[in-house]
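The values are calculated or read from the model by the stated rules, or taken from the named source; none is laboratory data. Since this is a predicted model, take the numbers as computed values, not measurements. No Cβ is skipped: glycine too gets one built from the backbone with ideal geometry, and neighbour counts run over all protein chains shown. Quick note on the areas: whole protein, heavy atoms, side chains included, nothing else; ligands and nucleic acids left out. Shrake-Rupley method; radii C 1.70, N 1.55, O 1.52, S 1.80 Å.
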Amino acid sequence: MLLERINEPKDLKKLTVNELEALSKEIRERIIEVVSKNGGHLASNLGVVELTLAIHRVFDSPNDQIVWDVGHQSYTHKLITGRQKDFDTLRKFNGLSGFPKITESEHDAFNTGHSSTSISIAQGLVLAKEQLQLPGKTIAVIGDGAMTGGMSFEALNYIGHLKNNVVVILNDNEMSISPNVGAMAMYLHKLRLEPAYTTPKDYLSKVLKNIPGFGTRLYNVLSRIEGSFKYLLTPGMLFEELGFKYIGPIDGYNFEVMEKALVRARDRQGPILVHVLTQKGRGYKPAQEHSNKFHGIGPFEIETGHTKKSVDSPPTYTEIFGNTLCKLANNNKKIIAITAAMKEGTGLTKFSNEFSSRFYDVGIAEQHAVTLAAALAKSGLKPFVAIYSTFLQRAYDQIVHDVALTNQPVVFCLDRAGLVGDDGPTHHGCLDISYMRSIPNIQVMAPRDEVELALMIEYASKQNTPVSIRYPRGYATGTNDEASSRKPIEKGKSELIKDGKDLMIIPLGNSYSDSIKIAEELEKTKKITVKIVNPRFVKPFDESLLSEIIDSNIPIVSMEDNVLQGGFGSMIAEQLMDRQASNRLLRIGLPDSFVQHGSIKELKTMLGIDPQSVVNKIINWLKL
């Protein structure tokens, strides 16, 4: 096995081209094997095997610092930088992260996990080298989808201004979770396909010389004007105008061509952009044919590519959101759906098919999505903005300035709120309650199950102020309840689930199912009666419930899958303090720290917020 001989990047330099090709095959097999068991990002990693090997053969990591945009394509990088023995632990609790992590290896130049950050990071690293007079290049590896993000252009602009020694490698596989949108996507598409962009001088010669009478003369004149061909047909003209030397497009599976291009980039001063064409899912047919499905996937059967999902599994919260929005849109032509390059991930594929004229995928541009929604709402439409909780953090100012300040009725649908599991700290959605509830005019809600999510979406569609609805990743509860059996959603009104006189538990959203288990255990082992109230709203909080709490002086346990700082429990504490109430309050939630990756069950146990741990905390707190 060649892979077993690769302990660090310099070992690659000893290999022949034939050996590199054999190694690439071994690496693909290893990645497929591990991801089929652990889940992970498959298609993107299979596409960059050869590119990763070429980068490490030409550059000298860690002296040359490599930054992987998003980082979901860094599995080959991990395998050849001393981590192959631990690769079976990928995305497992206390195992290797699915993304670059500076505490994991000196070859991981920076933590990444969100899109479009790599070029800014690379410039910062190279500026530090200049300040500290350190040798070495910095390399940003960024996908064509991430290149649509505004932050990428901000960084390209400033690098072009300062003329830093940054190498940007554009990994162009037309691969993102949703199809790329916008002018940049079309521009790159032309660079891939148009013959004029692959052989510009020959193409121009053919076109001009076929013009009767003066074509040959015009060609000869233009040939003598310095830079004329560059300005007419040179590939990468956009990047050239931004101050980068453009190299490409080049074949991402031809080692000799790639390494020649990368050596040119390494040895040249100033900003360089190397445009490499790769194929998503390369070497594994199911991933090539269904690249969106295999972008991020759970465990699957290697032979068929089928995911290992029980046929009896309930729908996901994401599916419930998408189906409910389609039902509402049938009767309300003002409903608009907006997402930021996450059509599939946020459950809007069905909506985009059924209501294509009312669906907008703005690309990786969360800030633009929010302000766009504000303008649509101002004009009398009803925009639903579906973005993962962790990604909406990017648009905080736009939520404040463009939506809340002018009180526009935008509905924010925050998928993957709370702990998300194996993707880890860059993807846990555990800050949104804190950052949303601090903004005036916004109603903040969380459903206890899928039925309540559907009811909240319907409620939000009728509001004339901003609304935020947060819901978790993964399967719903599988409840058999019908919407007609539930109390309708009323602004700021909670729901009594179970009565009791000794203790009140107020579980927000996804904490509901655990609260039932906790109450049953306390009543069984300690003979105390527990009242459970589903708050539904973080903001506005139920004033009548608050009065009842104060009057009864009952001890309270708040539960949430948000950080405790500024979260739901903090809101209750503030309300009690403002009213000089004497109720005891125990807050259960996430700590003031970033939480590692692992299964939800493992993470809850580690944090002491699993049902049994919470029972023990309550017993100690009440001195039972």
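Can you pull out the chymotrypsin sites (Phe, Trp or Tyr not before Pro) in segment 26-119 that DSSP calls coil and that have at most 14 other Cβ atoms within 10 Å?
On the way: sites: Phe59, Trp68, Tyr75, Phe87, Phe93, Phe110; in loops: Phe59, Phe93, Phe110.
Those that pass, being in a loop and sparsely packed, number zero.
Among Leu79, Thr316, Ser120, whose Cα projects farthest towards the positive end of the dipole of the chain, with charges put on the beta-carbon of Lys, Arg (+1) and Asp, Glu (-1)?
Ser120
Per residue, how much accessible area does the chain have with a 1.4 Å probe, in Å²?
On the way: 26490 Å² over 624 residues.
Each residue of the chain exposes 42 Å² on average to a 1.4 Å probe.
Going by amide H atoms built from the backbone, whose H comes under 5 Å of the H on Lys382, apart from near neighbours?
Close amide H contacts, sequence-distant or interchain: Ile335, Ile336.
Using the Karplus curve 6.51 cos²θ - 1.76 cosθ + 1.60 with θ = phi - 60°, what ³J(HN,Hα) values do you get for each residue of segment 430-436, in whole Hz, with x for Gly and Pro?
Karplus values, whole Hz, x for Gly and Pro: 10, 10, 5, 4, 5, 7, 7.
With the crude spin-label approximation of a point 7 Å out along Cα→Cβ, what separation in nm comes out for His401 versus Glu319?
4.1
Distance between the C-alpha centers of segment 549-594 and segment 371-416? Whole Å please.
Between the Cα centres of segment 549-594 and segment 371-416 lies a distance of 28 Å.
On a 0 to 90 degree scale, rounded to 10, what angle separates helix 150-162 from the longest Cα axis of the chain?
40
Of the listed pairs Lys343/Lys382; Lys14/Lys285; Lys163/Lys280, which have alpha-carbon separations greater than 29 Å here? Show your work: numbers first, answer last.
On the way: Lys343/Lys382 18 Å; Lys14/Lys285 31 Å; Lys163/Lys280 32 Å.
Where the Cα-Cα span goes over 29 Å, the pairs concerned are Lys14/Lys285; Lys163/Lys280.
Can you give me the angle between helix 317-331 and the longest principal axis of the chain, using Cα atoms only, in degrees from 0 to 90, rounded to the nearest 10?
The answer is roughly 90 degrees.
Where the only charges are on Cβ atoms (+1 Lys, Arg; -1 Asp, Glu), what is the dipole of segment 518-624 about its Cα centre, to the nearest 20 debye?
340
How far, in nm, would the chain grow between Glu490 and Ser438 when pulled straight, counting 0.36 nm per residue and subtracting the alpha carbon separation? Mind showing how you got there, number by number?
Details: separation 52, 0.36 × 52 = 18.72 nm, distance 2.14 nm.
Roughly 16.6 nm would be gained on extension.
Under 1.5 on a/c is rounded, so check that first for segment 132-177, then, if it is not, pick prolate when a/b is larger than b/c and oblate when it is not; a ≥ b ≥ c are the square roots of the alpha carbon gyration tensor eigenvalues.
Oblate shape, in that a/c is at least 1.5 and b/c is the bigger or equal ratio.
In terms of modelled amide H atoms, which long-range or inter-chain residues lie less than 5 Å from the amide H of Val410?
Answer set, sorted by chain and number: Val467.
Only four residue types carry charge here, +1 at the Cβ of Lys and Arg and -1 at the Cβ of Asp and Glu. Report the dipole size of the chain about the Cα centre in Debye, rounded to the nearest 20.
Dipole size: approximately 740 debye.
Between Ile554 and Glu240, 0.36 nm times their residue separation minus their Cα-Cα distance comes to what? Walk me through the numbers before you get to the answer.
On the way: separation 314, 0.36 × 314 = 113.04 nm, distance 6.84 nm.
Contour length minus the Cα-Cα distance gives 106.2 nm.
List the trypsin sites (Lys or Arg not before Pro) within segment 462-570 that fall in a DSSP loop (any state other than H, G, I, E or B) and whose Cβ has at most 10 other Cβ atoms within 10 Å.
In loop regions of segment 462-570 (DSSP not H, G, I, E or B), the sparsely surrounded trypsin sites (Lys or Arg not before Pro) are Lys527.
May I ask for the longest run of the chain untouched by GluC sites (Glu not before Pro) that are loop-located per DSSP and have at most 13 neighbouring C-beta atoms (other than their own) within 10 Å?
Here the longest segment lacking exposed loop sites spans 304-481.
Using a 1.4 angstrom probe on the protein heavy atoms only, line up Asp397, Asp561 by accessible area, largest first. Write out the running numbers ahead of the final one.
Numbers: Asp397 95, Asp561 20 Å².
Per-residue accessible area, sorted high to low, gives Asp397, Asp561.
At 0.36 nm per residue, minus the direct Cα-Cα distance, what do Thr307 and Leu134 gain on full extension? Give it in nm, one decimal, please.
This chain segment gains 57.5 nm when fully extended.
Can you send over the carbon and sulfur percentage of the accessible area for segment 1-154, probe radius 1.4 Å, protein chains only?
Details: 2770 of 5550 Å².
About 50 percent, which is the carbon plus sulfur part of the accessible surface.
Under 5 Å between amide hydrogens, which residues at least 5 positions from Leu273 or on another chain qualify, with H placed 1.01 Å from N in the peptide plane?
The list, which skips near neighbours in sequence, is Val168, Lys245, Tyr246, Ile247.
Considering the dipole of segment 460-576 built from charges on the beta carbon (Lys and Arg +1, Asp and Glu -1) around the Cα centre, which of Leu503, Ser513, Thr477 is farthest to its positive end?
Thr477
Run down the lysines and flag those whose C-alpha is under 17 Å from the C-alpha of Lys493, throwing out any fewer than 8 positions away in its chain.
Candidates past the 8-residue exclusion: Lys462, Lys531, Lys539.
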